[in-house]
Amino acid sequence: MLDVRGLRKVYEGSGRRVEAVRDLTFTVAAGELVCLVGPSGCGKTTLLKCVGGLLEPTAGEVFLAGRRVAGPPPGMAFVFQEYGRSLFPWMRVGENVELPLKQKDLSRPRRRELVADALASVGLADAAGAYPWQLSGGMQQRVAIARALAYEPEVLLMDEPFAAVDAQTRADLEDLVRALWRERGITVLFVTHDIDEAVYLGQRVIVLSASPTVVREQLRIDLPDGRDQVHTRVAPRFAELRTHVYEQIQAAKHGAARVPSKEPQGADTPPTH
Ligand SMILES: Nc1ncnc2c1ncn2[C@@H]1O[C@H](COP(=O)(O)OP(=O)(O)O)[C@@H](O)[C@H]1O
Ligand SMILES: [Mg+2]
């Protein structure tokens, strides 16, 4: 579904040159939930913007279902970190969710149906008439998720969507993402700097190096599909996987070679450098 090949991004301007992403190659299969994890500043947002066609890569290409991405493709939806800036405060929740649908050739009743369905999916069936600023942070982020769902994307790109909400809300929203992914069969690329979140959510975790960024490792998360906050997080296998990812990221920060010693089964792809 997604094919990222040799992606490189160098920011230039104002006499400054930042090589944010050096060389990233990976694929995401249709219906897969993949987490990208890497240290802050390693280029995760840059990468996601290139994948979503919001930024032009310096080199390399992104393909969505075989078509080269050059500008935001119709089949993708984005959920950003800063929900406070992603919803329009002067529009009611229902109008915010409906807005992107106006680009599609849909009848008004069909749009209404999609909006109601998406809001119900995130547990906000009653909030359509409220303004975003009347809702808590976690509820606003649910609205942003509903807006993405209503659009019926093939691929959902999420950029640290829960970094700004409290821990309890975050746990609920993580479960919501997994539930929606399982129900709707969408392809999800979820970016986070949080190792536990990546391991808890993903079917696969792609570990990025520090900037200039390359893929350090891809790890299959062989936890059962039915995950829950209480049992999954105390499972010995969860601990093994998170420890492994943690070590990789620590080593990545210090520019060391990949940590091979305690590699769990499932580290199925060699590093690309
Ligand atoms: N518009 C920009 N112009 C110049 N440098 C940028 C720009 N956006 C990001 N960067 C730089 O690129 C690097 C990666 O940033 P970013 O993609 O936001 O990382 P992350 O999301 O992993 O924290 C950082 O060094 C950042 O300062
Ligand atoms: Mg970022």
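The values are calculated or read from the model by the stated rules, or taken from the named source; none is laboratory data. Note that this is a predicted model, so its numbers are computed, not measured. With ideal geometry, Cβ positions are generated from the backbone for all residues, glycine too; neighbour counts draw on all protein chains shown. Side chains are part of the model used for accessible areas, which takes the heavy atoms of the whole protein and leaves out ligands, DNA and RNA. Shrake-Rupley method; radii C 1.70, N 1.55, O 1.52, S 1.80 Å.
Things worth noting here:
- Within the stretch 6-41, considering residues that are surrounded by 15 or more Cβ atoms within 10 Å (Cβ to Cβ) and among the basic types (Lys, Arg), the one nearest to Ala65 (Cα to Cα): Arg8
- Test result for Lys9, closer than 21 Å to Val245 by Cβ and either of a type in the set (A, V, I, L, M) or within 16 Å of ligand 2 (Cβ to nearest atom) (or both): no
- The residues listed here are Ala171, Ala127; of these, the one that is buried (at least 19 other Cβ atoms within 10 Å of the Cβ), away from ligand 2 (no atom under 16 Å from the Cβ) and hydrophobic (A, V, I, L, M, F, W, C) is Ala127.
- The condition (being under 17 Å from Gly226 (Cβ atoms), touching a residue at least 12 places away in the same chain (Cβ under 8 Å) and in a helix (DSSP H, G or I)) is satisfied by just one residue among Asp175, Asp196: Asp175.
- Flag if Thr213 is within 30 Å of Gln103 (Cα to Cα) and open to solvent by less than 10 Å² (accessible area, probe 1.4 Å): no
Conditions (1) assigned to a helix (DSSP H, G or I); (2) modelled with pLDDT under 95; (3) open to solvent by 30 Å² or more (accessible area, probe 1.4 Å), marked per residue:
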residue: Ala116; (1), (2), (3): yes, no, yes
residue: Ala148; (1), (2), (3): yes, yes, no
residue: Pro153; (1), (2), (3): no, yes, no
residue: Met158; (1), (2), (3): no, no, no
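- Candidates Leu99, Leu36, Leu48: the one that is part of a strand (DSSP E or B) and touching a residue at least 40 places away in the same chain (Cβ under 8 Å) is Leu36.
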